[in-house]
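Reading through the structure tokens given below for one structure.
The values are calculated or read from the model by the stated rules, or taken from the named source; none is laboratory data. Since the model is a prediction, treat every value here as computed from it, not as a measurement. Note that each Cβ is placed from the backbone with ideal geometry, even for glycine, and that neighbours are counted across all protein chains shown.
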Amino acid sequence: MPVATVHLVRHGEVHNPDRVLYGRIPGYGLSELGRRMAEDVADWFAAEAEATGRRPVLLVASSLQRAQETAAPIGRALELDVGTDDRVLEATNRFEGLAQVSRRLRDPRLWPLLVNPFRPSWGEPYRAQVARMAEAVQDLRDRAIALDGEGAEAIVVSHQLPIWVTRLSVEGRPLWHDPRRRECTLTSVTSLHFEAGRAVPRVEYREPNAALLGQASSLPGA
């Protein structure tokens, strides 16, 4: 396996005072705290590059506003253009647009959407998310190596659920899970290290903005 690293970055906090499950709805950009998170994770990547001597050579984000706004300062810090790749979009969700979703699920009219949590029945199948994310990751890994040789790095700014199920798949764990137990906080970095002699990448998880998370509002899946 070619040696390379692809960093999966979740976007920063979104301005969402009504706590809507916004999914792919346009117009949801970063809050003031989210913009600070984006700047801080950009500084973190720049410091990592300085310390390791390895600078990422590719940067892509989903087309959603919150991902693009998180990627922009990373691009400035690393002098990279931000590409758009909709293989790393947020998952589709039939509850998209609803506020206070946990309360709304008491409505029997929504119960048919909950019939199969293993798929899940309310949105894009987990396996479909893994497939498109894996395709994007492998493509970016190969492009980065073509640009910078063995050990090249790329950055993807994506969303909590696609990142989390990608990690579960790499680690050989079941894709079905409790959304409240995802280890993928705002502007966290889930790094997939492709290493010689390994059939699957090694996962490394870091939280550059751990000190800010207590101030943030975050919906599972958002």
Please go through region 3-21 and pick out each residue that is in a loop (DSSP other than H, G, I, E, B), in contact with a Gly (Cβ under 9 Å, 6 or more places away or on another chain) and under 20 Å from Gln215 (Cβ atoms).
His11, Gly12, Glu13, His15
Scan Arg202, Arg198 and give me the residue that is touching a His at 6+ places or on another chain (Cβ under 6 Å), surrounded by fewer than 19 Cβ atoms within 10 Å (Cβ to Cβ) and on the phi < 0 side of the Ramachandran plot.
Arg202
Per the filter on region 36-70, residues surrounded by 15 or more Cβ atoms within 10 Å (Cβ to Cβ) and either part of a loop (DSSP other than H, G, I, E, B) or in contact with a His (Cβ under 6 Å, 6 or more places away or on another chain) (or both) are Arg55, Pro56, Val57, Ser62, Leu64, Arg66, Ala67, Thr70
Does Pro174 fit the bill of being over 30 Å from Pro17 (Cβ atoms), assigned to a loop (DSSP other than H, G, I, E, B) and not hydrophobic (A, V, I, L, M, F, W, C)?
yes
Six or more apart or on different chains, Cβ atoms under 7 Å: show the pairs whose first residue is in region 39-56 and farther than 23 Å from Gly149 by Cβ and whose second is in a helix (DSSP H, G or I).
Glu39/Pro73; Val41/Ile74; Ala42/Pro73; Ala42/Ile74; Ala42/Arg76; Ala42/Ala77; Asp43/Ala77
List every residue pair whose Cβ atoms sit under 6 Å apart, with the two residues 6 or more apart in sequence or on different chains, where the first one lies in region 69-93 and is more than 30 Å from Gly123 (Cα to Cα) and the second, anywhere, is of a type in the set (Val, Ile, Thr) and assigned to a loop (DSSP other than H, G, I, E, B).
Gly75/Val82
Has region 78-89 got any residue that is modelled with pLDDT of 90 or more, of a type outside the set (A, V, I, L, M) and closer than 26 Å to Leu213 by Cα?
no
Residue list for region 98-123, restricted to those being within 26 Å of Pro17 (Cα to Cα) and either in contact with a helix residue (DSSP H, G or I) (Cβ under 8 Å, 6 or more places away or on another chain) or at pLDDT 95 or above (or both)
Leu98, Arg104, Leu105, Leu110, Trp122
I'd like the residue in region 79-108 that is farther than 29 Å from Pro56 by Cα and of a type in the set (Val, Ile, Thr) and, out of all such residues, is nearest to the chain's Cα centre (by Cα).
Thr92
Grab the helices (runs of 4 or more DSSP H) fully contained in region 96-170, keeping just those with 3 or more residues being aliphatic (A, V, I, L, M) and closer than 19 Å to Thr84 by Cα.
126-148
Taking region 71-85, which residues are in a loop (DSSP other than H, G, I, E, B) and touching a helix residue (DSSP H, G or I) at 6+ places or on another chain (Cβ under 7 Å)?
Asp81, Val82, Asp85
